[in-house]
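Heads up: the structure comes next, in structure tokens.
The values are calculated or read from the model by the stated rules, or taken from the named source; none is laboratory data. This is a predicted model, so every value here is computed, not measured. Note that each Cβ is placed from the backbone with ideal geometry, even for glycine, and that neighbours are counted across all protein chains shown. Ligands, DNA and RNA are stripped out before the accessible areas are found, and what is left, the full protein with its side chains, is counted by its heavy atoms. Shrake-Rupley method; radii C 1.70, N 1.55, O 1.52, S 1.80 Å.
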Amino acid sequence: MGPTQWDFPVELCCRPMAFVTLTGLDVVYNAVHRAVWDAFCANRRADRVPISFKVLPGDHEYPKCRPKRTSYEWYIPKGILKTGWMNKHLNLVPALVVVFYELDWDEPQWKEKQSECATRVEIVRQSLQGRNTKVAVVLIQKKTPLPPGEDVVASERAAALCNACELSGKSLFVLPHTDHLVGYIIRLENAFYEHAQTYYYTEIRRVKSHKEFLNKTTHQLLFVRHQFKIAFFSELKQDTQNALKNYRTAYNLVHELRAHETNILEIKTMAGFINYKICRLCFQHNTPLDAIAQFRKHIDLCKKKIGSAELSFEHAAWMSKQFQVFGDLFDEAIKLGLTAIQTQNPGFYYQQAAYYAQERKQLAKTLCNHEVSVMYPNPDPLETQTGVLDFYGQRPWRQGILSFDLSDPEKEKVGILAIQLKEKNVVHSEIIITLLSNAVAQFKKYKCPRMKSHLMVQMGEEYYYAKDYTKALKLLDYVMCDYRTEGWWMLLTSILTTALKCSYLMAQLKDYITYSLELLGRASTLKDDQKSRIEKNLINVLMNESPDPEPDCDILAVKTAQKLWVDRVSLAGSNIFTIGVQDFVPFVQCKAKFHAPSFHVDVPVQFDIYLKADCPHPIRFSKLCVNFNNQVMEPFNIS
Amino acid sequence: MAVCVAVIAKENYPLYIRSVPTESELKFHYMVHTSLDVVDEKISAMGKALVDQRELYLGLLYPTEDYKVYGYVTNSKVKFVMVVDSSNTALRDNEIRSMFRKLHNSYTDVMCNPFYNPGDRIQSRAFDSMVTTMMIQVC
């Protein structure tokens, strides 16, 4: 399965790291450069500073910086957050561009080399086009440098180079290519990291500076956007405390937006994203209770924001995803050392996610039951010019339109139809089963055997709906005995009923008989008319005839099953089944009683056998056989 | 008020379960059954505390999205489980406690009936009507 509309974007879920690009390195043909690059990217363990590096050519064009807005007066934002924004700052716009250049202090042609280096720096500056990105120069040198201050030529030339490149002394580094490469690299990247932090700090200041121009009526969306950006830049700066603070503010702001059916999806999408970030940071700060409290608040706030009734399955899908990602976050935190408890573990969140996935399936079933003749609209209203949305959570057919009135109701109708038809093709069962099995794995860990059984029953039932009867039976059969031994007859009956349907639809003769036997017994809570129906079917099967289909089965599946039964029946011959009943509660109860505790030799041993049938209709026994389980008595077995 | 009241035998099979609305009976059966996981854990955690000092009320067993499940265990290890609607914030711990106590008293009456066979399903009219007073009334 590829990513679906509801999956969170990768750029949201990754840990933001400062982005630094390295230029002037020829990693393909130059062995020294290759070694430098390898030292940067190999073994990036947790003790190294969080930077993501990328090698780019010196004249690489970075995304254009839009001209600064001088006034916000006439500006009306078209959405909350651009879909490309996070990726842009994670992978496209660097905090720092490093220019690598091979130059020793005693270079004979110093002047030429110096000006070439200056040109390279200039080219990088130009390609950055007014961004605040920092530039640094690293000189790759063959000789080990002398201790600072001892090399007069070096300090003079360094000053001259800085001057020529318009760099501060702090942005010029020397990398001697000697034995201690990794050590030098680590010192370098620490310095880069500081530069990057300064960059993100200025970015935060820049975003904050817009605030005074905004007004509360037309720029509500910008408040959320800016707050999100500040938080995201704080994360890039690795200032998680401030990131969390700003995400929390953003979260409150997003709920202050005026919600309407037309923008509720956008609001929920953003609320979901911000909530994800908050919970993630709370777990990271080792305050899991805060994460749980935030998530609860989030769900309580959003639970009722269903939006358009015709697309209510979308709300269920969204809810399901919220629970699932929280479960994932929780689980991840546990892997990193958090301890969960029986009543508060990720399993509950997966279970709830599965519940909403089931609800989504139900809603989709009623809302998307279009006739086969209804064609998918052409042109596709869900298609956009660029193939992606401009803003998260907007409708492709009315992007950037903020009005609450639908300007084009016809277009809206077509769009809704397209979404409904798409939903029809979603394999819901697969989603539900995956979530349930995630939950099962969790409850197994946290000593909840009954919860586990319950979820397995649900999995079995879902397989039944997905028409995978073999898997359904396997699961149901597995948990049946738990309910039997604990004596929860109503639950057992419900499971058996599904199992009987499965065995009927697969024409599994022996299973069919076994389940029927138990459903007729006293453990079954079925009503008499049901029992009578099952008994009739059982007699039919014993008479080598096809049974009637079980109620509420899929019509097509029944057709297939009927054929299977006809084949089975025509193959009659081996129609004797030995069914051990010691493990379940059949409809015939049996007990034996000796007349006396002991008998004399040569006196016939007398005993009574009592049989009681619990089934509604009389049955006929053709043979009764008494076996003694004492081996000495075996020759006396009576048939 | 409760939406489901259950009495569970020492061996963990149901002696009595009633729920409203009756359509979702199966759901409540599952809910009560799964809550026994928590009851088991709580009982084993209590260990061998002095019998007469033991707190019978187990508190909130686990919250679900829509319901809260509470538990109570008698000295003879018979469990009472009560499911309450989550939206019902009027019910405080104290009320739940007293409801359980009422249930316990009524259960004791059932046990005192010489015609009642311990371990059988409870079919007492008095018990039934007492439970009715604790359940949400569906009109």
- Are any of the residues in region B:109-119 farther than 28 Å from A:Y350 by Cα and within 14 Å of chain A (Cβ to nearest Cβ)? yes
- Message: Being within 14 Å of another protein chain (Cβ to nearest Cβ) and either in a helix (DSSP H, G or I) or at positive phi (or both): is that true of A:K422 here?
- Response: no
- Query: A:E371: in contact with a helix residue (DSSP H, G or I) (Cβ under 9 Å, 6 or more places away or on another chain) and of a type in the set (D, E), yes or no?
  - Reply: no
- Task: Look at region A:319-360 and say how many of its residues are touching a helix residue (DSSP H, G or I) at 6+ places or on another chain (Cβ under 8 Å), among the β-branched types (V, I, T) and not in a helix (DSSP H, G or I).
- Result: 1
- Message: Being open to solvent by less than 10 Å² (accessible area, probe 1.4 Å) and either part of a helix (DSSP H, G or I) or free of Cβ contacts under 8 Å to residues at least 24 places away in the same chain (or both) is the filter here; which residues of region A:128-153 pass it?
- Response: A:L128
- Lone qualifier among A:P396, A:P379 - being at pLDDT 85 or above, exposed (fewer than 10 other Cβ atoms within 10 Å of the Cβ) and within 16 Å of A:A418 (Cβ to Cβ): A:P379
- Message: Could you go through region B:45-63 and let me know if any residue there is open to solvent by less than 10 Å² (accessible area, probe 1.4 Å), farther than 29 Å from A:D300 by Cβ, within 14 Å of another protein chain (Cβ to nearest Cβ) and part of a strand (DSSP E or B).
- Response: no
- Complete set of residues in region A:259-291 that are over 28 Å from A:F404 (Cβ atoms) and either touching a strand residue (DSSP E or B) at 6+ places or on another chain (Cβ under 6 Å) or open to solvent by 20 Å² or more (accessible area, probe 1.4 Å) (or both): A:R280, A:F283, A:Q284, A:H285, A:N286, A:T287, A:P288, A:L289, A:D290
- Query: Just checking, how many residues over region A:434-452 are away from chain B (no Cβ under 13 Å) and either out of contact with any Leu (no Cβ under 9 Å at 6 or more places or on another chain) or hydrophobic (A, V, I, L, M, F, W, C) (or both)?
  - Reply: 5
- Only one of (1) under 27 Å from A:V581 (Cα atoms); (2) open to solvent by less than 20 Å² (accessible area, probe 1.4 Å) is not met by A:F443, so which one is it? (1)
- Item | Number of positions in region B:16-30 that are within 11 Å of the chain's Cα centre (by Cα) and within 10 Å of chain A (Cβ to nearest Cβ) | 1
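Rundown of residues vs (1) outside any helix (DSSP H, G or I); (2) more than 23 Å from the chain's Cα centre (by Cα); (3) of a type outside the set (A, V, I, L, M, F, W, C), yes/no style:
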{"site": "A:K229", "(1), (2), (3)": "no, yes, yes"}
{"site": "A:E235", "(1), (2), (3)": "no, no, yes"}
{"site": "A:A243", "(1), (2), (3)": "no, yes, no"}
{"site": "A:Y247", "(1), (2), (3)": "no, no, yes"}
{"site": "A:M270", "(1), (2), (3)": "no, no, no"}
- Which of (1) more than 14 Å from chain B (Cβ to nearest Cβ); (2) open to solvent by 10 Å² or more (accessible area, probe 1.4 Å) is the odd one out, the single condition A:C368 does not satisfy? (2)
- Message: With over 28 Å from A:M319 (Cα atoms), at pLDDT 90 or above and surrounded by fewer than 18 Cβ atoms within 10 Å (Cβ to Cβ) as the only criterion, which of A:N91, A:N87 stands out?
- Response: A:N91
- Query: In region B:83-99, what count of residues is obtained for those that are open to solvent by less than 70 Å² (accessible area, probe 1.4 Å) and either modelled with pLDDT of 95 or more or among the charged types (D, E, K, R) (or both)?
  - Reply: 2
- Query: Can you find a residue in region A:68-83 that is under 30 Å from A:G387 (Cβ atoms), among the aromatic types (F, W, Y) and either surrounded by 14 or more Cβ atoms within 10 Å (Cβ to Cβ) or at pLDDT 90 or above (or both)?
  - Reply: no
- Can A:L455 be described as part of a helix (DSSP H, G or I), open to solvent by less than 20 Å² (accessible area, probe 1.4 Å) and more than 10 Å from every other protein chain (Cβ to nearest Cβ)? no
- Task: Using the structure shown, decide if A:K321 is within 28 Å of A:E423 (Cβ to Cβ) and either at pLDDT below 95 or surrounded by fewer than 24 Cβ atoms within 10 Å (Cβ to Cβ) (or both).
- Result: yes
- Task: Please determine, by comparing only the residues of region A:467-519 that are among the hydrophobic types (A, V, I, L, M, F, W, C) and within 11 Å of chain B (Cβ to nearest Cβ), which one is nearest to the chain's Cα centre (by Cα).
- Result: A:I495
- Every pair of residues 6+ apart whose Cβ atoms lie under 9 Å, when the first sits in region A:106-117 and is closer than 19 Å to A:P176 by Cβ while the second is of a type in the set (F, W, Y) and surrounded by 15 or more Cβ atoms within 10 Å (Cβ to Cβ): A:K113/A:Y101; A:C117/A:Y101
